[in-house]
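The values are calculated or read from the model by the stated rules, or taken from the named source; none is laboratory data. Note that this is a predicted model, so its numbers are computed, not measured. Here the Cβ positions follow ideal geometry from the backbone for every residue, glycine too, while neighbour counts run over all protein chains shown.
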Amino acid sequence: MVLRKTPHVALGATALYLSAVGLLSVPYIQKQALYCNGIRRSRLGVYERPEKYGLAPSKALNVQLPTPDGQTLGAWFILSDAYYHSILKHDWEIDLRQALSSLPTILYLHDAGASRSAKPCVIQCSMFSSRLSANVFAIDYRGFGDSTGAPSEEGLATDARAAWEWLLRNGANPADVVIVGQALGSSVAARLGAEIEKDGLRPRGIVLLSPFSSVKDAARSVGLHGSVPFLKPLNLIPKATDLLLKRVKPSFDTLAYASTIKVADILIAHSEDDPEIPLTHSESLFHTFLEPLLPPEVTLPSNPGSLSKDDWDKFTHDVTARRQAEKNLVITNEIRDFGVTSEFVDSDHGDRRVMLVKTLAGGHDAVGLQEGVQDVMGKFFGFLP
């Protein structure tokens, strides 16, 4: 009896899976799956009182930030601990400009499904303020938190640029601002970095926490809680995955944005146990910055047996030379019970530095909450001695 039911169960499961996959071709479903902003938006908090979420009294200013296209973003400007404890009486008209002009600032761009009041975001911002002695400007994109509008790829880019301009208008020096993005926010951060560089501005640096290389690449590899990637079974149907991904409209092509950033220092951090975005995405980003400094990549012909001895010797020589060039450029440091850092200096672009931090733990949401990652960031960008 059980055996008779098995084919029907398998057929039903297959039909259910294909129906779920088919829904991903619907633009509305794509947006819900990508941004996950509806969940948080249904639980609006008291954003004008940051103290409610654990921040110290009068340490954070609730900001209503207008965008060029008529939206209003909710944001918090959080004072550095160093500045907060140095004053006896708070006056935001004075404190805002003084803090921005005297201390470094982190522009924080959170992940999907979050808001500035979400516990991981609050902890992250609090750690930046205390451990790195930096001011923090944390925004909610349109459609998130108490911000107006609905999210879109162009909209999030506009929001990040509006936040950057707000910091400069209020006294920040571009060279004192580090742009930090978490997952989806990493793509927004990379795009912002590329855009402001075109305008001749150079931030202090850019940090990409648990980034993906692009939405389409993420869709191929993302599983639920470390499971088999959701789209992998679809590969059994020739070209089905490619056809589906062609219908995915938002690109959030972090690799493409990153390849146009030429002067800013870059730090990428990713945990080996990330259950949502594999570490390979960060490794691809790191090699995007490294690739122009290496000899051209060589590939083995489809029919290696057709190579002459001289051609084979040249192939192995070129492969060895490329590996040696990478070894000479990249300095690797293993930190016991924490992870590995890999860093190189880009001599083609003003000796800017690029670092990849691979941590043993941290999952997807908490890689930036580790004190070890904070310390590496602090030393890399000169916040710490």
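Please specify each residue of segment 147-170 satisfying the condition of being under 23 Å from Asp95 (Cβ atoms) and of a type outside the set (S, T, N, Q).
Ala162, Ala163, Trp164, Glu165, Trp166, Leu167, Leu168, Arg169
Cβ-Cβ below 9 Å, separation at least six or inter-chain, first residue in segment 349-365 and without any contact (Cβ under 8 Å) to a residue 24 or more places away in the chain, second in a strand (DSSP E or B) and of a type in the set (A, V, I, L, M, F, W, C): which pairs?
Partner pairs satisfying both residue conditions: Asp351/Val345.
Output the residues belonging to segment 54-104 that are under 23 Å from Pro120 (Cβ atoms) and of a type in the set (A, V, I, L, M, F, W, C). Walk me through it before giving the result.
Going residue by residue through segment 54-104, those that are under 23 Å from Pro120 (Cβ atoms) are 54-57, 59-63, 65, 73-81, 84, 104.
Leu55, Ala56, Ala60, Leu61, Val63, Leu65, Leu73, Ala75, Trp76, Phe77, Ile78, Leu79, listed by residue number.
What about Phe212, is it in contact (Cβ under 8 Å) with a residue 24 or more places away in the chain, part of a loop (DSSP other than H, G, I, E, B) and under 19 Å from the mean Cα position of the chain (by Cα)? Steps first, please.
On the way: in contact (Cβ under 8 Å) with a residue 24 or more places away in the chain: yes; part of a loop (DSSP other than H, G, I, E, B): yes; under 19 Å from the mean Cα position of the chain (by Cα): yes.
Yes.
Kindly check whether there is at least one residue in segment 172-189 that is under 24 Å from Gly362 (Cβ atoms) and assigned to a loop (DSSP other than H, G, I, E, B).
Kept after step one, since they are under 24 Å from Gly362 (Cβ atoms), are these residues of segment 172-189: 178-189.
Checking which are assigned to a loop (DSSP other than H, G, I, E, B) leaves us with 183.
Checked against the condition, which is being under 24 Å from Gly362 (Cβ atoms) and assigned to a loop (DSSP other than H, G, I, E, B), segment 172-189 yields at least one hit.
Please go through (1) under 28 Å from Gly200 (Cα atoms); (2) free of Cβ contacts under 8 Å to residues at least 60 places away in the same chain for Phe286 and return the number of the only condition it doesn't satisfy.
(2)
If I ask for residues that are crowded, with 18+ Cβ neighbours inside 10 Å, outside any helix (DSSP H, G or I) and out of contact with any Phe, Trp or Tyr (no Cβ under 8 Å at 6 or more places or on another chain), which ones from segment 56-93 would you list?
Thr67, Gln71, Leu79, Ser80
Given the structure, is Lys59 modelled with pLDDT under 55 and over 24 Å from the mean Cα position of the chain (by Cα)?
Values: modelled with pLDDT under 55: no; over 24 Å from the mean Cα position of the chain (by Cα): yes.
Spelling it out, it is not the case that Lys59 is modelled with pLDDT under 55 and over 24 Å from the mean Cα position of the chain (by Cα).
In the set Thr332, Thr316, which member is farther than 30 Å from Glu371 by Cα, free of Cβ contacts under 8 Å to residues at least 24 places away in the same chain and surrounded by 10 or more Cβ atoms within 10 Å (Cβ to Cβ)? Quick ask: steps written out before the conclusion?
Details: Thr332 fails: farther than 30 Å from Glu371 by Cα.
After applying the criteria, what remains is Thr316.
So the check is Cβ under 8 Å with 6+ separation or different chains; which pairs have a first residue in segment 156-183 that's surrounded by fewer than 24 Cβ atoms within 10 Å (Cβ to Cβ) and aromatic (Phe, Trp, Tyr) and a second one that's modelled with pLDDT of 95 or more and not in a strand (DSSP E or B)?
Once the first residue is surrounded by fewer than 24 Cβ atoms within 10 Å (Cβ to Cβ) and aromatic (Phe, Trp, Tyr) and sits in segment 156-183, its partners that are modelled with pLDDT of 95 or more and not in a strand (DSSP E or B) give Trp164/Leu192; Trp164/Ile196.
Just give me the residues in segment 164-192 being out of contact with any Phe, Trp or Tyr (no Cβ under 6 Å at 6 or more places or on another chain) and either within 18 Å of Ser117 (Cα to Cα) or small (Gly, Ala, Ser) (or both), in sequence order.
Once the filter is applied, which keeps residues that are out of contact with any Phe, Trp or Tyr (no Cβ under 6 Å at 6 or more places or on another chain) and either within 18 Å of Ser117 (Cα to Cα) or small (Gly, Ala, Ser) (or both), segment 164-192 yields Gly171, Ala172, Ala175, Gly181, Gln182, Ala183, Leu184, Gly185, Ser186, Ala189.
What pairs come out if I take residues in segment 373-385 that are in a helix (DSSP H, G or I) and pair them with residues that are surrounded by 16 or more Cβ atoms within 10 Å (Cβ to Cβ) and hydroxyl-bearing (Ser, Thr, Tyr) whose C-beta lies under 7 Å away, six or more apart or interchain?
Once the first residue is in a helix (DSSP H, G or I) and sits in segment 373-385, its partners that are surrounded by 16 or more Cβ atoms within 10 Å (Cβ to Cβ) and hydroxyl-bearing (Ser, Thr, Tyr) give Val373/Thr359; Val376/Thr341.
Picking from Ala134, Ala75, which residue would you name as being touching a Pro at 6+ places or on another chain (Cβ under 6 Å) and at pLDDT 95 or above?
Ala134
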